[in-house]
Protein chains: 2
Amino acid sequence: MKARVRLPDRKSRVTLTEVAELAGVSEITVSRVLRSKGPIAEATRDRVMEAVRAVGYVPNKIAGSLASADSNLFGVVLPSLSNIVFPEVLQGIHAGLARTGIQPVVGVTDYNLETEEALVRSLLAWKPAAMIITGSEHTAATRKMLVESGIRIAELMDIDPVPIDIAVGLSHRQAGYDTGKHLIARGYRRFGYAGLDPRSDIRARIRFEGLVAALSDAGLSLQDKVLADVPSSTLVGSATTARLLAENPNLDVVVYPNDDMAVGGVFHCMGAGISVPENLAIFGFNGLDIGRALPKPLSTVRSNRFRIGQTAVEQILETSIRPDRPTVVNTGYEIFEGATA
Amino acid sequence: MKARVRLPDRKSRVTLTEVAELAGVSEITVSRVLRSKGPIAEATRDRVMEAVRAVGYVPNKIAGSLASADSNLFGVVLPSLSNIVFPEVLQGIHAGLARTGIQPVVGVTDYNLETEEALVRSLLAWKPAAMIITGSEHTAATRKMLVESGIRIAELMDIDPVPIDIAVGLSHRQAGYDTGKHLIARGYRRFGYAGLDPRSDIRARIRFEGLVAALSDAGLSLQDKVLADVPSSTLVGSATTARLLAENPNLDVVVYPNDDMAVGGVFHCMGAGISVPENLAIFGFNGLDIGRALPKPLSTVRSNRFRIGQTAVEQILETSIRPDRPTVVNTGYEIFEGATA
DNA sequence: TTCTGATATGACAGCGCTAACATAATTCAA
DNA sequence: TTGAATTATGTTAGCGCTGTCATATCAGAA
């Protein structure tokens, strides 16, 4: 006799076994019906489906994944959710995942690489089918885990460094450089920069370096910069602009790490009676809706966050085997002239 | 002899067994070390941890969850990610989940109850420890699944209807009503509304009803409303405002379903030379950063999205057993006077 | 009639881990 | 010294499902 020790009440009482008994078939047949796998007689399928409905069966993917060694989960690691950019990437990921049955498991690092490492470790424990992570800067341990996981890895936003497997995004150095070139071509000469702590947003720092390089190549240099050591926001954009202009009333253009900050700059000017772009030009980054909606649309660089997320998923779904050589997808950017620079 | 049929190469080759062999202990001991469960000799722990590092072991939570019947996953169902409100809720959820080891699995419904049903079904298959879902309006099947899952269920944003288990949010009817009362008290009489298709955002509709009720109680009525059948955005706010004012040049206040739209209204006025609030008052909902940063801060109602997410998690973690009677947490709202109304 | 090849279903083992219950080793009071 | 209590580790049997390899059934061909 088989003495079964019953474990204390488990959450799901209804298992394949019960459905199978009710339908008068074996468990594996129920399993096959539910996964539409293998040949099933029409009558059997109907009986099974009826039983499923009758007992309110909800399959247990945990057990399923363990048995079949694939998980239908994607790990997603984002630095932040308060910066609208990343929810937009997440939207793209969702769009790419639609009708695949794959669910994203989301983690947030707060721009901290140690947190990222812990997060990656714990996400990998779910044996995700793939991992989508922001940026290419990781701790050695993170990188090792990602490499050795064997699953597909997409590193988003930046395509300058060589990725582990897939990179989707744009060249931030180039974007920064082009910003500088564009503004110089439009006649601006006295550049200011109102930004954030360069340690938090690496890509903003790289764009900044590109900008400085463009100025330098044109024989110019940045007149001044003000950096705030707080999260990005429109309010901070106003405040840093105020500080920058207080010290440098003669600037003719201010560049920002993103549109939130730049819109804050515009608002400051409105309040201070500085006419944009006649007295001061303003230039952002991202191409957010809010900038476009301003009475004078914000001049900026359009990154394509949604497309980055979506493309990453598409690339991953292309093949489940990691190719020998990394894949780099440039989703590009466009300078949007707007009316503020 | 035990004839083992080896399955085709699985993703993770390193299992507890290998770690155990290398450390010269049994599997369960390794398991206990990794989960810090039960008494373990210092020396054993060290040997095990060394072995774990040596082979680069990543635990398999799928197997662990199956064995222990708990998952350390929370299902999170949001209607949208393009509306900044929901990423903020998600942030709150993340904050509440920090250092619990619980990961959220996120699904997006696009405000569609059928999609929601499919999503809930597929999230429940991961046997999450709890489910966080937006709103209280679900299909009958969704509700049934949630009720019968036995896990804790938090329904966010709205506390007017009776929840399945936990509701966290605010009374949108009351918020709408208070908006009306507040504006009437400030002397406004000729009300317009520039909103969206009421089918998509149920809570906006309820606020609208509250507003209308307040007007009615004061012997007033809404002069006109314009509804756009597209997703909310600042640009749409400008456009609907333009349409509304074209037909009703005599309005003295326009109320919006959210701040994005309201900011669009402000921008329209700036462009059209309408001075706010002297010629036209503008009133939003949410209390977003962007509204606060305007040269004239937007008058609005502050909902507390972050706190809603965080509180929901706290409530769920309170106890894993669903109490007999539903819990309702009112995270409240505050009317923010601003400078536009 | 026998055989072939589809079509339909089932038996069985095992995915990698943990709960529950041993068992072994150690400590310490009586 | 002995037994009880305490600490440390091991054995066993699953968790609920799916892969693999039978087995059974039934056309239609030879």
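Is there any pair linking a residue in region B:146-172 that is under 24 Å from B:Val301 (Cα atoms) and among the acidic types (Asp, Glu) to one that is in a strand (DSSP E or B) and open to solvent by 10 Å² or more (accessible area, probe 1.4 Å), with Cβ under 9 Å and at least six apart or on different chains, and which?
Pairs that qualify, where the first residue is under 24 Å from B:Val301 (Cα atoms) and among the acidic types (Asp, Glu) and the partner is in a strand (DSSP E or B) and open to solvent by 10 Å² or more (accessible area, probe 1.4 Å), are B:Glu155/B:Thr134; B:Asp158/B:Thr134.
Looking only at region B:234-245, count how many residues are farther than 10 Å from B:Leu196 by Cα and within 14 Å of chain A (Cβ to nearest Cβ).
6
Yes or no: A:Thr115 polar (S, T, N, Q) and within 16 Å of DNA strand D (Cβ to nearest atom)?
It is false that A:Thr115 is polar (S, T, N, Q) and within 16 Å of DNA strand D (Cβ to nearest atom).
Please work out if A:Leu123 is open to solvent by less than 10 Å² (accessible area, probe 1.4 Å) and more than 24 Å from B:Val58 (Cα to Cα).
No: the conditions fail for A:Leu123.
If the Cβ limit is 7 Å and pairs must be 6+ apart or interchain, which residue in region A:113-136 that is in the same structural domain as A:Gly75 (by TED's automatic domain parsing) and free of Cβ contacts under 8 Å to residues at least 40 places away in the same chain pairs with which residue that is among the small types (Gly, Ala, Ser) and open to solvent by 10 Å² or more (accessible area, probe 1.4 Å)?
Every condition considered, the pairs that remain are A:Glu117/A:Ala141; A:Ser122/B:Gly101.
Identify, please: which residue in region A:41-66 is without any contact (Cβ under 8 Å) to a residue 12 or more places away in the chain and more than 31 Å from the chain's Cα centre (by Cα) and is, among those, nearest to A:Leu146 (Cα to Cα)?
So, considering only residues that are without any contact (Cβ under 8 Å) to a residue 12 or more places away in the chain and more than 31 Å from the chain's Cα centre (by Cα), the one nearest to A:Leu146 (Cα to Cα) is A:Arg53.
Name, by its number, the condition in (1) in contact (Cβ under 8 Å) with a residue 60 or more places away in the chain; (2) outside the structural domain of B:Tyr193 (by TED's automatic domain parsing) that does not hold for B:Glu318.
Of everything listed in (1) in contact (Cβ under 8 Å) with a residue 60 or more places away in the chain; (2) outside the structural domain of B:Tyr193 (by TED's automatic domain parsing), B:Glu318 misses just condition (1).
As an exercise: evaluate B:Ala129 against (1) under 19 Å from B:Asp158 (Cα atoms); (2) within 16 Å of DNA strand C (Cβ to nearest atom) and give the number of the one condition it does not meet.
If we test B:Ala129 against (1) under 19 Å from B:Asp158 (Cα atoms); (2) within 16 Å of DNA strand C (Cβ to nearest atom), just (1) comes out false.
Listed here are the residues, each with its yes/no results for (1) out of contact with any strand residue (DSSP E or B) (no Cβ under 7 Å at 6 or more places or on another chain); (2) at pLDDT below 95; (3) more than 18 Å from A:Ile290 (Cα to Cα).
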| residue | (1), (2), (3) |
| --- | --- |
| B:Gly219 | yes, no, yes |
| B:Leu227 | no, no, yes |
| B:Val230 | yes, yes, no |
| B:Glu247 | no, no, yes |
| B:Asp259 | no, no, no |
| B:Gly273 | yes, yes, yes |
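Out of the residues in region B:29-77 that are away from chain A (no Cβ under 12 Å), open to solvent by less than 70 Å² (accessible area, probe 1.4 Å) and more than 10 Å from DNA strand D (Cβ to nearest atom), which is farthest from B:Gly101 (Cα to Cα)?
Of everything passing the filter in region B:29-77, B:Ala51 is farthest from B:Gly101 (Cα to Cα).
For (1) within 13 Å of chain B (Cβ to nearest Cβ); (2) hydrophobic (A, V, I, L, M, F, W, C), each residue gets a yes or a no:
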{"residue": "A:Glu247", "(1), (2)": "no, no"}
{"residue": "A:Pro257", "(1), (2)": "no, no"}
{"residue": "A:Gly265", "(1), (2)": "yes, no"}
{"residue": "A:Glu278", "(1), (2)": "no, no"}
{"residue": "A:Ile290", "(1), (2)": "yes, yes"}
{"residue": "A:Ser299", "(1), (2)": "no, no"}
{"residue": "A:Phe306", "(1), (2)": "yes, yes"}
{"residue": "A:Glu314", "(1), (2)": "no, no"}
{"residue": "A:Glu334", "(1), (2)": "no, no"}
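From B:Ser136, B:Ser80, grab the single residue that is within 25 Å of A:Gly56 (Cα to Cα) and either within 7 Å of chain A (Cβ to nearest Cβ) or surrounded by fewer than 22 Cβ atoms within 10 Å (Cβ to Cβ) (or both).
Result: B:Ser136 is the single residue among B:Ser136, B:Ser80 that is within 25 Å of A:Gly56 (Cα to Cα) and either within 7 Å of chain A (Cβ to nearest Cβ) or surrounded by fewer than 22 Cβ atoms within 10 Å (Cβ to Cβ) (or both).
Would you confirm whether any residue within region A:87-98 is of a type in the set (Val, Ile, Thr), more than 9 Å from every other protein chain (Cβ to nearest Cβ) and within 16 Å of DNA strand C (Cβ to nearest atom)?
The answer is no, given that none of the residues of region A:87-98 is of a type in the set (Val, Ile, Thr), more than 9 Å from every other protein chain (Cβ to nearest Cβ) and within 16 Å of DNA strand C (Cβ to nearest atom).
Report yes if some residue within region B:321-332 is among the aliphatic types (A, V, I, L, M) and more than 14 Å from every other protein chain (Cβ to nearest Cβ); otherwise report no.
The answer is yes; a qualifying residue exists.
Please work out which residue is farthest from the other protein chains (Cβ to nearest Cβ), limiting yourself to region A:19-28 and to residues that are surrounded by fewer than 18 Cβ atoms within 10 Å (Cβ to Cβ) and near DNA strand D (Cβ under 9 Å from one of its atoms).
A:Ser26
Please find, within region B:110-120, the residue that is farthest from the chain's Cα centre (by Cα) out of those that are within 10 Å of another protein chain (Cβ to nearest Cβ) and open to solvent by 40 Å² or more (accessible area, probe 1.4 Å).
B:Ala118
The values are calculated or read from the model by the stated rules, or taken from the named source; none is laboratory data. Remember, it's a predicted structure, so these values are computed and weren't measured experimentally. Note that each Cβ is placed from the backbone with ideal geometry, even for glycine, and that neighbours are counted across all protein chains shown. With ligands, DNA and RNA removed, areas are computed over all heavy atoms of the protein, side chains included. Shrake-Rupley method; radii C 1.70, N 1.55, O 1.52, S 1.80 Å.
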